[in-house]
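The values are calculated or read from the model by the stated rules, or taken from the named source; none is laboratory data. Everything numeric here is computed off the predicted structure, so don't read it as measured data. Cβ atoms come from the backbone with ideal geometry, glycine included; neighbour counts cover every protein chain shown.
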Amino acid sequence: MGLYNEEGWRDNIANFFTQAATGMTEPAFENMGNGLYSHKFTNGEALVTHNHINHDVKPNGETYFHMHWAPSVNMAVGETITWTIDYTIARGHHQGDVFTALTTSLVLTYVADGTELANEHMILESTTPIVTPEPDSLILSKVTYGEGTFGSASYGFNMDLHYEVDRNATPNKAPNFYA
């Protein structure tokens, strides 16, 4: 058996865009206290991401949104934070899809068990998948932080997608991708 398996899961990584956006309060880009920098989100601050759907996706497979983040201070048992992902999806190749207002909202809630340390890398993943869009689709998202009962800032690194794959590539670069 080789090291590469065509079926399984991959990450579709989207880094945050930091251009000023009307109606949004963006987090500061700050030193995490260790000489490393990240976006330090306080309550209600948001950034945007764009995910491009790759050609290795499993048709009608499952895709899960997830956030990479770190609390800015230690968390106590029962404290909560949220990451809200408002998004819209449009297929490419002139198929009639237009980008509308952010039409779907997904709230990811984390409840601390009291072992979370300041600057500890955390991953919070949705429990409900979306059906994987076809290749060359774009997912435009706004990611907003909620302090919940934690009451402190958190560092946001990126929002990405875990998605199912069943191939290295599609036979065609445009629709019909799989013919």
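What the table shows:
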read-out: Subset tally (residues that are without any contact (Cβ under 8 Å) to a residue 40 or more places away in the chain and not aliphatic (A, V, I, L, M)) for region 135-179; value: 3
read-out: Whichever residue in region 91-116 is surrounded by fewer than 12 Cβ atoms within 10 Å (Cβ to Cβ) and at pLDDT 90 or above and, among such residues, is farthest from PHE41 (Cα to Cα); value: HIS94
read-out: Positions within region 120-141 being touching a Pro at 6+ places or on another chain (Cβ under 8 Å), crowded, with 16+ Cβ neighbours inside 10 Å and farther than 17 Å from VAL57 by Cβ, in sequence order; value: MET122
read-out: Residue selected from region 22-33 under the condition within 14 Å of PHE157 (Cβ to Cβ) and part of a loop (DSSP other than H, G, I, E, B), by the criterion nearest to the chain's Cα centre (by Cα); value: PRO27
read-out: Verdict on GLU120 being at pLDDT below 95 and of a type in the set (D, E, K, R); value: no
read-out: Flag for THR149 being of a type outside the set (A, V, I, L, M), more than 20 Å from THR18 (Cα to Cα), out of contact with any Ser or Thr (no Cβ under 7 Å at 6 or more places or on another chain) and modelled with pLDDT of 95 or more; value: no
read-out: Strands (runs of 3 or more DSSP E) (entirely within region 63-179) containing at least 2 residues that are touching a His at 6+ places or on another chain (Cβ under 8 Å) and not charged (D, E, K, R); value: 122-125, 138-146, 154-165
